[in-house]
Amino acid sequence: MAEIIVVTSGKGGVGKTTTSAAIATGLAMQGKRTVVIDFDIGLRNLDLIMGCERRVVYDFVNVINGEANLSQALIKDKRVDNLYILPASQTRDKDALTKEGVGKILDQLAENHDYIVCDSPAGIEAGAMMALYFADIAIITTNPEVSSVRDSDRIIGMLQSRSRRAELALEPIKEHLLITRYVPERVERGDMLSVENITEILAVPLAGVIPESSAVLKASNSGQPVILDTESDAGQAYADTVARILGEEREFRFLTVEKKGFLSRIFGG
C-alpha cells in the first residue's frame, strides 16, 4: 500500500513544486514506484518543472470526472524509471476536486505505487486542504523568514486536526520540516532566521535544508528536477532529504558560512 506524501506550506513562493518534483524524482531514483500529483487546479506548474508540459493530454480533473482513465492521464517520466506525473487542469477551478473523487484516484494509484507525492497549493484553500486531508507524511516547506514560519505553524495545526488520520483517530501524520532558500551569510548577519530558530518555533523534525542556489532556477527553466543536478548544492541537499525521509541518517550540509583559505583571503578569491 502506498504512502501519501503532501508537500505543503502556509505561504506561497517557498518552493513546494520544486520540492515535490525533487522528492518524487529522488524516491524513484531509489527504486520506489512513485507518482507525483499537481493539486494546484487552474495554476499548474508541476508539468513545467518536470519537463512534460507538451505531453499533457488529460489531467487530474478529467480522471475524477470520468472523462479519462488513469492510464490515459499519467505521464511517464523520460529520465527516471518508476516515476509518473499526474498534471492539474489549467482551466477548471479548485471546486472541481471532491473528497470522494480524490480519494478514489488515490486508492487506485496506491495499488501500483510505493509513494504518492501531492504538490499542494499554498495556504488553507480547497485544493490545499484536499491534498492535506489524505496525507500519511507531510513535508512542511518554509523559508527562513518570520512570516513563512508563522504560516507554517498554522498548517501544522491543520495537519493535526483536519486530516483523515485525525478524523479517524489514527496514528498522526508523520511530519518533516524542510527549510528552503537558506543563506548562512544572511543568518550570520541576523537577516534570516537560523535553523535552530525555526526548529524551536515549529517543533517538527528537520528533514532537510536547501541552500539558496541559482541551480534551482536553471533546473526549473530547463524542465529538469534540481535533484538531477548532482554537482549543485541544492541537488545534493535534496538527495540528502530523500535519504532521511527513507530512514537513513545523514549529516546536514550547507548550514555554515564557507571559510576562505589563506590565499583566498589575500587575493580576494
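Read-outs: derived from the displayed coordinates by stated rules, not from any lab. Owing to the predicted nature of the structure, the values given are computational and were not obtained by experimental measurement. All Cβ positions, even for glycine, are placed from backbone atoms using ideal geometry, and neighbour counts span all protein chains on display.
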**Asked** Where the eigenvalues come from the Cα gyration tensor of the stretch 3-246, what are the semi-axes √(5λ) of the equivalent ellipsoid, largest first, in whole Å?
**Response** 27, 21, 16
**Which of Gly101, Ala215, Ile173, positive extreme of dipole for the chain (C-beta unit charges)** = Ala215
**Asked** Can you run phi through the Karplus equation (6.51, -1.76, 1.60; θ = phi - 60°) for the stretch 123-128 and list ³J(HN,Hα) in whole Hz, with x for Gly and Pro?
**Response** x, 10, 7, 4, x, 5
**Item:** Links that overshoot a 26 Å alpha carbon limit, given the list Lys11/Lys174; Lys11/Lys78; Lys11/Lys32; Lys32/Lys174; Lys99/Lys218
**Value:** Lys11/Lys78; Lys11/Lys32; Lys99/Lys218
**Fill in**
With Leu27 itself left out, Lys, Arg at +1 and Asp, Glu at -1 over residues whose Cβ is under 13 Å from its Cβ give -2
**Asked** How large is the charge dipole for the chain, taken about the Cα centre, if only the Cβ atoms of Lys, Arg (+1) and Asp, Glu (-1) carry charge, to the nearest 20 debye?
**Response** 380 debye
**Asked** Once the Cα atoms of helix 146-161 and of the chain are each reduced to a long axis, what angle between those two axes, in degrees from 0 to 90 to the nearest 10, is obtained?
**Response** 40 degrees
**Complete:** Gln160 neighbourhood, Cβ < 13 Å, K/R = +1, D/E = -1, net charge +1
**Asked** Using Cα atoms only, what is the angle between the long axis of helix 99-110 and the major principal axis of the chain, expressed in degrees (0 to 90) to the nearest 10?
**Response** 70 degrees
**Request:** Only helical DSSP H runs with n ≥ 4 go in: add -39500 (n - 2.57) per run for the chain, normalise by residue count and round the 222 nm mean residue ellipticity to 500 deg cm²/dmol.
**Result:** -11000 deg cm²/dmol
